[in-house]
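These notes concern the structure reproduced below.
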């Protein structure tokens, strides 16, 4: 039985894509440039797993997601021919990832789950990003745990096991909640319980990437956080 | 100007002494033993700085406060001739430090301060202790930062500087709030801003240990968290 729930954040709790597109739109208006910001947002997000892999392989020293996001952003702005933007404006745009909006069911669902379980983030996002996001969006975490604390990005086992250790629970008493099968598989390999939450709009309406999940592969299959709270008796 | 406030917890946010005495009373009733539980609580607390020093000197490997508290507790129970208590009951008593009550002004003051600043713990207590405490007492932290994350107990500079790094602020943008001059002096040496909060009842009524603080030594001198919020414009 789970004592604590650890939540993946980008895509699972917050709708990164529409939030980042909104921030890029604002950036474009402020700087008088127009681009395909939806494609830009997708490229920004797509740059992040390979950047984490560079850290994992030791090609880059430990770098936070803020740092990785900024490296990718500078390249994408350059490629898009967006020039002459001062560093402070780039920094502000980069922190778009601190200002992501939750899915409509997220705050209510977390509030219900918090009454019964310890709820924490377990995100590759850095602590300051997750803290700022929670403050703005009203996410009621009991604590903020990040891959940054272990200097190992998910799905490295150190991230899942480190989270259980900090919460002082056995791996089997911790349930990862995520919208991504690869993350859940990493958690399962480390001995955690797993709950899949469907987020069909993560990549935009009509751009669903249906996950291939075997029957019984994860402990819980939920339609959203309200359904998750129902199934977990919260 | 401070962007974030980091709070010492034991004695500053919560009244450890009367809470631990309450828990010892319950333990005594449950096990049919009567002792001077106030003195027991004071001895338990007094054992903790020397235990941290043993970790600091490398005589003990890294050990959380839960671990140190338990070592001290087992010795004190033995000295007091309290025998035959099973391990689960000792564990439960040891987690009395997870169940400390806040000072009467703490939750309201933190709630006001949270509206203007990022507020975090910066305690020698471990993450699970601080998380369980906050959940029970309704402490509205934006995040939970502990010496455990740095494997350096305050007043080692690593704890203060590590906190600033995780929050992505400069040391001079982070203010430590504490009821203990030694903690504030450690923070000041590391380049943090400092706010002293008076907690005259920490060691019990009529048992005040007045701190020797020079005029202007700390940035803010506050009577309680309401006064702190007033002075910080929150």
Inset, instruction - Could you grab the Rg to Rh ratio for the protein assembly as shown? Cα atoms only, Kirkwood for Rh. - result: 0.99
Legend entry - For residue A:189, inter-copy label distances in nm, listed shortest first [label point 7 Å out on the Cα-Cβ vector]: 4.4
Inset, instruction - Report the label-to-label distance for residue A:54 and residue A:182 in nanometres (one decimal), using points 7 Å from each Cα along the Cα→Cβ vector. - result: 1.7 nm
Inset, instruction - Any chance you could run the full-extension gain for residue A:230 through residue A:83? It's 0.36 nm times the residue separation minus the Cα-Cα distance, nm to one decimal. - result: 47.9 nm
Legend entry - Beta bridges per DSSP with both ends in the protein assembly as shown, % antiparallel, nearest 5: 5 percent
Legend entry - Viscosity 0.692 mPa s, 37 °C: Kirkwood-radius Stokes-Einstein D of the range B:16-98 over Cα pairs, µm²/s: 251 µm²/s
Inset, instruction - Report the full-extension gain for the segment residue A:116 to residue A:158: residue separation times 0.36 nm, less the Cα-Cα distance, to one decimal in nm. - result: 12.5 nm
Legend entry - Kirkwood Rh (inverse of mean 1/r, distinct Cα pairs), the range B:163-234, angstrom: 13.0 Å
Inset, instruction - Could you state the angle between the C-alpha long axis of helix A:65-79 and the longest principal axis of the C-alpha atoms of chain A, as a value from 0 to 90 degrees rounded to the nearest 10? - result: 30 degrees
Legend entry - Residue-averaged 222 nm ellipticity for chain A, from DSSP H runs of 4+ at -39500 (n - 2.57), nearest 500: -13500 deg cm²/dmol
Legend entry - Antiparallel %, DSSP beta bridges [both residues in chain B], to 5: 5 percent
Legend entry - Between 0 and 90°, nearest 10: helix A:127-137 axis offset from chain A longest Cα axis: 90 degrees
Inset, instruction - Rounded to the nearest 0.05, what FRET efficiency do residue B:105 and residue B:189 give with R0 = 41 Å and r taken as the Cβ-Cβ distance? Could you check? - result: 0.90
Inset, instruction - Would you work out the relative contact order for the range A:16-98, in percent, from Cα pairs under 8 angstrom that are 6 or more residues apart? - result: 37 percent
Inset, instruction - Could you work out how far apart the two model spin labels at residue A:223 and residue A:30 are, taking each label as a point 7 Å from the Cα in the direction of the beta carbon, and quote it in nm? - result: 3.9 nm
Legend entry - Virtual spin-label span in nm between residue A:74 and residue A:201, 7 Å along Cα→Cβ: 3.5 nm
Legend entry - Cβ-vector label at 7 Å, residue A:78, separations to other copies in nm: 6.4
Inset, instruction - Return one number: the angle in degrees, 0 to 90 and rounded to the nearest 10, between the long axis of the Cα atoms of helix A:157-167 and the longest principal axis of the Cα atoms of chain A. - result: 60 degrees
Inset, instruction - Between copies, how far apart are the residue B:223 label points? List them in nm, one decimal, shortest first, with each point 7 Å from Cα toward Cβ, please? - result: 5.6
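Here, each number is a calculation from the coordinates, and none is a lab measurement. None of the values given here were measured: they were computed from a predicted structure. Virtual Cβ from ideal backbone geometry, glycine too; neighbours counted across all protein chains shown.
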